[in-house]
Amino acid sequence: MSSEHAVATSAVFQAGPMESWLERHRWQHPGGMEIPGKLFLKEPLGLTGAEVSLGQMPPGAGVSFVHTHKQNEEIYLFLTGQGEMLLDGESHPIEPGTVFRVGTTVERTWRNTSSEPMCYVVIQAKTDSLEQWTSEDGNICGDAPWA
Ligand code: ZN
């Protein structure tokens, strides 16, 4: 594990245009499964408090497995396409702008039932780890920089 990222104060990574994610990115699960269109950002950005991944699923495709997590809740933000999210077997519609928070033990999977690519972002963060946010955590620093 590299410690370079831990001391960096910021990082930038170019994931490419959303429509190119399927060709550009591919994740190899340690168990041997391969997921085209999937890119995890923890490594390229040196994330320390969350894992974020980008995904693109072709028309008519679906995740070929159901999964849960040990300690991270997940937030799914769907950007394009339409489909179906199964949460403990219960179906929920997906369309652009649909956001799900999924607790650790919930069995989840999703599919793209539309004729266009489904692009989405998944954020993983440790359940109950968020202690302050928004106005409690943010600091306004001086005057507007673009004036
Ligand atoms: Zn997951």
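The values are calculated or read from the model by the stated rules, or taken from the named source; none is laboratory data. All of these numbers come straight from a predicted model, not from anything done at the bench. As a convention, Cβ positions derive from the backbone with ideal geometry for all residues, glycine included, and neighbour counts pool all protein chains shown.
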- Message: So, in region 121-141, how many residues would count as being under 19 Å from the mean Cα position of the chain (by Cα) and either more than 12 Å from the ligand (Cβ to nearest atom) or not in a strand (DSSP E or B) (or both)?
- Response: 6
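Okay, residues lined up against (1) under 20 Å from Arg24 (Cβ atoms); (2) within 16 Å of the ligand (Cβ to nearest atom); (3) without any contact (Cβ under 8 Å) to a residue 24 or more places away in the chain:
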residue	(1), (2), (3)
Val63	yes, yes, no
Lys70	no, yes, no
Phe78	yes, yes, no
Pro96	no, no, yes
Phe100	no, yes, no
Glu107	no, yes, no
Ala147	no, no, yes
- Message: Please go through region 109-120 and give me each residue that is away from the ligand (no atom under 12 Å from the Cβ) and surrounded by fewer than 18 Cβ atoms within 10 Å (Cβ to Cβ), ordered by number.
- Response: Thr113, Ser114, Ser115, Glu116
- Message: Going residue by residue through region 72-93, is there one that turns out to be at pLDDT below 95, buried (at least 16 other Cβ atoms within 10 Å of the Cβ) and in contact with a Lys or Arg (Cβ under 9 Å, 6 or more places away or on another chain)?
- Response: no
- Output the number of residues of region 85-101 satisfying the condition of being part of a loop (DSSP other than H, G, I, E, B) and under 18 Å from the mean Cα position of the chain (by Cα). 4
- Task: Given the conditions (1) crowded, with 17+ Cβ neighbours inside 10 Å; (2) not in a strand (DSSP E or B), report the number of the one that Ala15 does not fulfil.
- Result: (1)
- Query: Which condition number does Gly31 fail, the rest of (1) within 14 Å of the chain's Cα centre (by Cα); (2) in a loop (DSSP other than H, G, I, E, B) being met?
  - Reply: (1)
